[in-house]
Each structure stands twice: as C-alpha cells, then as structure tokens.
1. Apply the Debye scattering formula to segment A:1-138, with a single equal point scatterer on each alpha-carbon and no solvent, then give log10 I(q)/I(0) at q = 0.19 Å⁻¹.
2. Please give the calculated 222 nm ellipticity per residue for the protein assembly as shown, where each DSSP H segment of at least 4 residues contributes -39500 (n - 2.57) and the sum is spread over every residue; nearest 500 deg cm²/dmol?
3. Helix B:97-111 against the longest principal axis of chain B: what's the angle in degrees, Cα atoms only, rounded to the nearest 10?
4. Positive end of the charge dipole of the protein assembly as shown (Lys, Arg +1 and Asp, Glu -1 on Cβ, about the Cα centre): tell me which of A:256, B:68, A:234 has its Cα farthest that way.
5. For segment B:169-194 and segment A:122-139, what is the separation of their Cα centres, given in Å?
6. Which log10 I(q)/I(0) values, to two decimals, does chain A give at q = 0.07, 0.08 Å⁻¹ under the Debye formula with one point per Cα?
7. Whose amide H sits under 5 Å from the amide H of residue B:36, counting only residues 5 or more places off or on another chain, with H placed in the peptide plane?
8. Just to confirm my numbers, what's the Cα centroid distance between segment B:92-163 and segment A:1-77 in Å?
Amino acid sequence: MTLKNRNLWLIAPAVTLIGVCFLYPVLWLLQRSVSEPVWGLQNYETVFGKAVYVGVLWNTASIAGATTLLCALIGFPVAYSMVHSRPWIRKLLIFVVLIPFWTSILVRSFAWLVILQRGGIINDLLIGIGLIAQPLDLVYNRFGVLLGMVQILLPFMVFPLFSVMARIDGSFFKAATNLGANPLRAFFRVYLPLTMPGLATGAMLVFIISLGYFITPEMLGGRGDTMIAQLIFQRIDEFGDWPLASALAIVLLVGTGLLFIVINSIFKLRGGRS
Amino acid sequence: MFYSAKFWGGLRGVINALLVVYMLAPLVIVLVISFSSALFLTFPPPGLSLQWYDKMFSNPTWSRSLITTLKIMVPAAAIATILGTAAALALSRMQSKWALFIRGVLMAPLIIPVIITAAAIFGVFRIWGLYGNLQGLILAHVILTLPYVLSTVSANLVMFDKRLEDAAANCGAPPWTTFRRITLPLISPSVLSGMLFAMVISFDELVVSLFLSTPRVRPVTVQMWSNIKGDTDPTIAAIATVLFLFSLIALLADGVARRKSGRAAGL
C-alpha cells in the first residue's frame with residue numbers, strides 16, 4: 001500500500017460522512033428554497049419584500065451590531081487589565097473568562113432568567129429594600145438579549161485583544177506623552193491604532209457568530225427581538241414552511257460567508273499597505 | 001490624577017471585580033439555588049437540601065433524558081475522535097491544494113451557523129428515517145463534534161517530528177506498528193483533548209437535537225428547554241448544575257492532560 005493510498009483510506013470516512021450528512025443536506029436546503037412552489041426566486045422576494053421578514057433581518061443585524069459594540073467597549077478595558085495585572089491575577093481572569101466559555105449557552109441563559117425575571121433575584125432585592133414598588137421588566141426585551149449575548153461572546157473579543165495588547169511595547173505610549181501629547185491623545189493616536197488588529201478580529205468574530213444566535217434571543221428576548229435563526233425554527237417547527245425557511249437559511253449562510261470574505265480582504269489590503 | 005499609578009491600579013481592580021461578577025455570578029446563583037429547600041427559585045435560599053437532585057434522579061422523565069444524552073454522547077464522541085484523528089493524520093501528510101479544501105469542508109459544520117446545519121440535517125434525515133431515534137442524533141453529533149477533534153489534533157501534528165515515523169519505518173516497523181508505538185503515544189494528549197471537547201459539545205448540544213428528537217427520544221438539554229418554556233422549579237437548576245459540572249470537569253481534565261504534555265493552556 002503506497003503512502004498516498006493510505007492517506008486516502010484515512011480521510012475517506014470523514015469526508016464521506018460530512019459529504020453525505022452535511023453538504024448534501026445543505027444543498028438540499030438550497031434546492032428547496034428555489035424550487036417551491038415553482039422554480040424561481042419568489043421565496044427570496046418574500047424574505048426581502050415583506051415587512052415582517054425585513055423587520056427580522058433588521059433585528060438580526062442591529063442585535064449583532066449592538067452586541068459587537070458592547071463587547072468591544074467591555075472587552076477593551078478587560079483585556080488591558082488582564083495584560084497589566086500580576087501573573088496570578090491574570091491566570092485567574094483567564095480562567096474566569098474561560099469557564100463560561102465552556103458552559104452551555106442554555107445553562108447560562110437560564111441563569112440570567114433566574115436573576116432577571118419579574119419574580120427574579122434582582123427584582124426581589126430591589127422591592128425588598130424598598131427602592132421600587134413594581135417589578136422592573138429586565139428580561140423578555142432587548143436589554144435581556146444583549147446582557148446574555150455579551151456575556152457569552154465576550155471571550156471572542158477579549159482573547160484576540162489580549163494577544164495583541166500583550167505584544168505592544170509600552171515605550172511607544174511613553175514616547176508620545178514625553179513628546180508632549182496628553183494621555184488621551186496618546187491613547188487615540190498611538191495605543192488604539194496598535195490594538196486595531198485584535199479589535200477588528202474580535203469584532204468580526206462576535207458579529208458573525210451573533211448573526212446566527214438562537215437560544216439566547218429565544219429565551220431572553222421578547223416578541224420584538226426575533227432574530228433570523230428563530231424565524232427559521234418557527235417556519236419549520238410550527239408551519240412546516242420549508243421553502244421560506246430554506247430561503248432564510250441560505251440568506252443567513254450567504255450573508256455570513258460574504259461578510260467573512262469582505263472583512264478578510266479588507267484586512268489583507270490594510271496589512272499589505274503598512 | 002491620571003498620572004498616578006494608584007488610580008490606574010484601583011481602576012484595574014474595579015474592572016477585574018466587575019468582570020468576575022458578570023461572568024460568574026449567574027452560574028454561582030444557579031449552583032446555590034439547586035441546593036435550595038424552597039419550592040421556588042428564591043435567592044438566597046431559606047435552607048439547604050438535596051431534594052432537587054433526588055427529584056432529578058427519581059423522576060423518570062429526567063433520568064431517561066440523562067441516559068439518552070449519554071447514549072448519544074459516548075458513541076458520537078468515540079466516532080468523531082477516530083474519524084477526526086484519522087483525517088488530521090492524513091491531512092498533515094498531504095501537500096496538495098486539495099488538503100486545504102478538504103480541511104475547509106470538514107471544518108464547515110463548526111463555522112456555519114448551527115441553525116442552518118440543524119434545518120438541513122432535519123430536512124434530509126426525516127426522509128431517511130433518522131428522525132426521532134438515536135442513530136440520527138448520534139450521526140448529527142458526530143458531524144458537529146468532528147471539527148473540534150480535527151482542529152485540536154491538527155494543532156498538535158504541526159509540531160510533530162515526522163522523522164520519528166521514518167526512523168521506525170526504516171527499522172522495519174510495519175505502518176500499523178509505527179502508528180501504535182510511535183505516532184499515537186506522541187499525539188495522544190491532543191487526541192484526548194479533542195475527545196473531551198467532543199464530549200462537552202455533544203453533552204451541551206441543543207439546537208440540532210431540538211429538531212431531531214421526539215418526546216420518546218429526548219436528550220437532557222431538549223427536556224430542559226421544554227421545561228423552561230413551561231413552569232420552572234429548582235429541578236432545572238439541579239440539571240443546569242450537572243451540565244455545568246460536566247463542562248468544568250472536562251476543562252480541568254483537559255488542563256491536566258495539557259500540563260502533562262507541556263502544551264499551552266487555554267483554547
């Protein structure tokens with residue numbers, strides 16, 4: 001048996017399995033989206049034409065955008081603090097960010113529900129100390145969705161930022177301030193540009209992963225927070241509406257794919273110039 | 001003020017503390033509530049008891065779903081580990097452009113949104129009679145977990161010195177012996193990591209299982225999902241704690257394996 005043959009035998013089972021049980025089903029989905037009820041793009045016209053569906057697409061983009069922004073705003077100081085803390089604190093912080101990373105999204109969303117719901121811990125506490133009379137609506141709305149999603153996606157922002165910040169030479173910042181720049185100016189003109197690769201990688205990861213989110217918005221969101229993944233589930237589970245669900249799935253697939261390619265190529269251009 | 005080291009040190013402390021609270025408080029609260037003696041999800045609990053764990057194991061719905069989860073996880077993780085390791089070995093030896101393409105295809109289930117995988121698999125598996133039974137769920141979980149094994153083992157193989165295999169072959173060892181005596185012992189920590197990864201992903205998996213399971217064959221995450229949508233009692237907190245502890249133990253086991261093999265901790 002030649003070496004090439006041996007490799008073929010090693011790889012064949014995995015490729016066959018993924019081909020038959022993954023690639024074929026995705027192609028099947030693509031076919032249903034353009035062939036029913038008749039061949040054509042009518043399902044895509046519905047997705048981009050009807051106000052209900054456009055609303056969901058908008059929800060998806062705006063929730064993903066807000067999650068990305070919040071992750072950046074929270075992740076930046078966190079990563080900075082990690083880099084500049086004593087080693088044992090840094091180890092602890094990495095552990096603190098990694099534990100939830102390994103915990104199921106279902107468990108974490110459930111935990112938020114326990115804390116935030118009307119009879120939940122925060123409302124009980126606030127009513128108990130007499131700060132509010134009526135329970136606050138902390139969940140089943142946009143606030144709940146963002147709180148849950150940011151907690152889950154924060155590691156994807158923190159770790160790229162951390163690895164970039166750890167390599168930044170602190171003397172650049174000192175040089176800028178010694179030359180007369182105030183700390184704010186030195187931060188925006190010197191430090192922030194140096195962290196850009198990490199920030200951009202983190203933002204891309206968080207945004208693209210957010211687009212397909214299902215469990216957190218379904219558990220912590222309200223009627224106005226339906227994202228595209230929830231709509232796909234609803235169309236199949238409640239209505240058996242495969243043509244439209246397939247079209248939505250393909251829109252999500254192509255959307256995330258295009259975004260990935262576009263952002264990647266922008267990076268390569270930037271990297272080439274500098 | 002901005003120039004004083006004390007100010008920045010204090011600010012870092014505040015940021016660190018807020019991070020710990022935000023990331024861990026929800027989990028800790030669920031953990032504590034699962035030992036509550038109260039009938040509702042109150043915090044802090046009025047007293048401690050193991051009643052919800054008792055209920056979890058004695059209630060046939062929960063115990064059956066836990067067993068279903070194990071019946072899916074064990075074969076799925078085993079198959080994914082074998083196929084993923086084999087694929088990683090083959091890809092590390094392939095030079096052609098095809099290797100990159102094949103790697104991309106095998107990693108795809110990890111990269112594309114899981115809802116798409118779930119809808120696609122459900123649509124086709126229903127036609128093939130793989131809906132509502134263990135075979136379908138196992139197969140789906142293999143597809144979802146294989147990329148984790150592939151990437152973990154591949155990362156290790158980058159550092160693997162292929163001359164060791166050549167040396168064994170030159171000394172007359174047949175391929176299988178070389179693999180068993182040289183290659184496998186050297187890459188086994190990463191194979192173990194990959195398998196642990198696969199087990200955690202399978203144990204926690206919800207979205208694909210939601211499509212493929214029926215009330216008769218229902219893993220614990222799907223059972224939990226349908227109960228959260230109804231009325232909740234601390235049994236769910238106990239289930240959540242079991243799920244959480246499973247991940248934690250796997251993470252620690254992985255840490256031990258990595259320390260022994262001298263690889264960096266983390267992702």
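Computed from the coordinates by the stated procedures, all read-outs in this text should not be read as laboratory data. On a predicted model such as this, the values are computed, not experimentally measured, just so you know. Virtual Cβ from ideal backbone geometry, glycine too; neighbours counted across all protein chains shown.
1. With one equal scatterer per Cα and no solvent, log10 I(q)/I(0) is -1.15.
2. Helices in the protein assembly as shown give a 222 nm mean residue ellipticity of -25000 deg cm²/dmol.
3. 10
4. My answer, from the dipole projection, is A:256.
5. Cα centroid of segment B:169-194 versus Cα centroid of segment A:122-139: 61 Å apart.
6. Scattering profile of chain A, log10 relative to I(0): -0.38, -0.49.
7. B:49
8. 14
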